[in-house]
1. Which members of segment 570-603 meet the condition of being open to solvent by 40 Å² or more (accessible area, probe 1.4 Å) and at pLDDT 80 or above?
2. Within the bounds of segment 369-382, is there any residue that is in a strand (DSSP E or B), open to solvent by less than 10 Å² (accessible area, probe 1.4 Å), touching a residue at least 60 places away in the same chain (Cβ under 8 Å) and more than 17 Å from GLU325 (Cα to Cα)?
3. Please go through segment 167-193 and pick out each residue that is touching a residue at least 60 places away in the same chain (Cβ under 8 Å) and outside any loop (DSSP other than H, G, I, E, B).
4. I'm trying to understand the selection: among the residues of segment 350-368, which are surrounded by fewer than 16 Cβ atoms within 10 Å (Cβ to Cβ) and either hydrophobic (A, V, I, L, M, F, W, C) or under 26 Å from GLU176 (Cα atoms) (or both)?
5. I'm trying to understand the selection: among the residues of segment 314-350, which are β-branched (Val, Ile, Thr) and assigned to a loop (DSSP other than H, G, I, E, B)?
6. Check segment 506-523 and report whether any residue there is at pLDDT 80 or above, crowded, with 18+ Cβ neighbours inside 10 Å, touching a helix residue (DSSP H, G or I) at 6+ places or on another chain (Cβ under 9 Å) and over 18 Å from SER606 (Cα atoms).
7. Cβ-Cβ below 6 Å, separation at least six or inter-chain, first residue in segment 548-568 and touching a residue at least 60 places away in the same chain (Cβ under 8 Å) and closer than 23 Å to ARG615 by Cβ, second among the β-branched types (Val, Ile, Thr) and open to solvent by less than 80 Å² (accessible area, probe 1.4 Å): which pairs?
8. ASP211 passes all but one of (1) outside any loop (DSSP other than H, G, I, E, B); (2) modelled with pLDDT under 85; which number fails?
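The values are calculated or read from the model by the stated rules, or taken from the named source; none is laboratory data. Remember, predicted model here, so these are calculated numbers, not experimental data. Cβ coordinates were reconstructed from backbone atoms using ideal geometry, including for glycine residues, and neighbour counts include every protein chain displayed. For accessibility, only protein heavy atoms count, side chains too; no ligands or nucleic acids. Shrake-Rupley method; radii C 1.70, N 1.55, O 1.52, S 1.80 Å.
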Amino acid sequence: MNSIRIIRTLFIWFLGMAQATLSLAAQDISINLSAPAQVAVGERFRVVFTVNARPAEFTAPLFSDFRVLSGPSQSTSTSTQIINNQVTTTFTISYTYVLEAVKEGRFSIGAASVVVDGTSYSSNTHTITVSGQASPGGSTPPPSTQQPGQQTEAQITSRDIFVRAEVSNNNPYQSEQVIITYKLFTRLPISRYSIEKLPSFQGFWSENLTDTSQPPTTTEVIDGVQYSVAEIRRAAIFPQRSGELRIEPLEVECLVRLRSQQRSGSIFDDFFGGSVFGNVQNVPHVVRSNQVTLQVRPLPSQNRPYSFKGQVGRYEMTASISEQELDVNNATNLKIRIEGNGNIRMVEKPDIQFPQNLEVFDPNVADHIRNERSGVKGSREYDWVIIPRTPGEFTIPVIQFSYFDPSAGRYVNQTAGPFTLHVTGYAGVAGESSSTGRSEFQQITQDIRFIVTRPFSLTTFGQLFYKSRTFYILLILPFLLFAILLVAGRREVKVRSNVMLMRNRKADKLARKRLKKAAILMRTKDELLFYDEIFKALWGYLSDKLSIPQSKLNKEEAIKAFKQKGISEIIANDFLEVLNNCEYARFAPSDSANDMEDMYGRAVQSIITLEKEIRNKRLNLA
């Protein structure tokens, strides 16, 4: 009985699949374009082309009035419904482009076209109005063209995901520390996020306070909607001028996990409650925070102390000196520590009027700065090395440090000291500075005692190198060597420019190179290449030695050149005979290895004999 039910169920499934295929093939084919009707300059938006059939070819329009950031990204979906054994199947494929508006005006996006079963179909056109001001909280999504119950990237709105920038004080004083926080609000699951564009903070000094670990999430309810909230960026900013200052939006790209409410289209998945795979999409979505405007108040000029150098916050100054009783030329250290909450890196050293008889070195600066969630805190320490050069009592006057307290709205002046140094010892110790203190001199009868007081004469010992023969030879030798090298160089250039002469000189070398190659071919018994290489060696040697181009060289020209150079007729005939035998062997090779060895020996001997004859004729002529 159970088997009959299973067979019946399977039969219904297969019947439904067949009907679904016929239904899918019979539906009307269309392509639809969807995009937002209005965007702002600099805003990103999506253009989606949806086709209800699988096309063989897709052609997008030109987006000449917009900047194309990505696309096309392709996605497909299939929906199957079985009601009373009636199967209804809907198939869609989407092509998504991400664009950015670059200028104001009204622009039209042309129609896209697809080819399905050899027929071309075109989409509708769409007009977009680009305004000059971006909407807060990110990009405006295009209207949905999806089936009911399905959520895609085209349906992510600014109420689903947005970034909010919050500041601790909208009306700070100049140089006052302000904490700015960027929070990500979402009611959709996000697998990851990345900050694509940070504000430049133009007009501010900024310090990053963001925790490097994974940010914790909290829950907030806004207008009756519950959001998961994560703090993704935190910074301390210090306005450097008064007036209205704007902070640019922060741009974040989120990878949103969207779950389709439609079925996968598989009857088996429908029967077993749906597939757990393939119905979750990771969709990139870009959001931008709101722009923040600060009204920065200038620091009051009334009651401003002369020691004020621009520090704003809350600080405390302490000063100490290591030794107040010391000897001349011994060192003591004056340390001033300024600690507090504010822009520690901009704290300047106090102005101190040191006594003239103290040698004071530039201070060593040590920073201990902490970037905490509550802001920038820490300390800066100045360490002066002081060396007294004369004995006495020296007083370092009162040290003043002033800052502006924004919470109280007034200037605060802190003081330390004075410090008195009691210096003992004597001036004039070795190593003291000659610019400090005085020195007394005692006049004596004689300050220089001469070794010899009687008259004496000086004579030359040995021979001086200056103006000697060796001196003049070494003086002239570089010029002589330069002249010799110059003449030799010019002669070499002249010789190398004579092509015929160079070929004549290298003829023997080139011939030997070809004969070595021929010897290798002889050992491998490659007769055809062997005789060809011997012929090239003899013919090339003859062309180079007789200064006759190979294109004009023949036996008659060779005999004529031999007679002109006075070469013996016997030597000339022997050379030409070897050349004739080699040429004959090229076209009628024999099977004997002895013939190859004999030909190689005769070729080498003929070249050597002819080379000696030519050299002897040159010597006789010389």
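1. Scanning segment 570-603 gives ILE570, ASN573, ASP574, GLU577, ASN580, ASN581, GLU597, ASP598, TYR600, ARG602.
2. Yes, that holds for at least one residue.
3. Across segment 167-193, the qualifying residues are VAL167, TYR173, VAL178, ILE179, ILE180, TYR182, LEU184, THR186, ILE190, SER191, ARG192, TYR193.
4. Scanning segment 350-368 gives ASP351, PHE354, VAL360, PHE361, VAL365, ALA366, ASP367, HIS368.
5. Just the residues of segment 314-350 that are β-branched (Val, Ile, Thr), to begin with: 318, 321, 328, 332, 336, 338, 344, 347.
Of everything in segment 314-350, those that are β-branched (Val, Ile, Thr) and assigned to a loop (DSSP other than H, G, I, E, B) turn out to be VAL328, VAL347.
6. yes
7. none
8. Answer for ASP211: the failing condition is (1).
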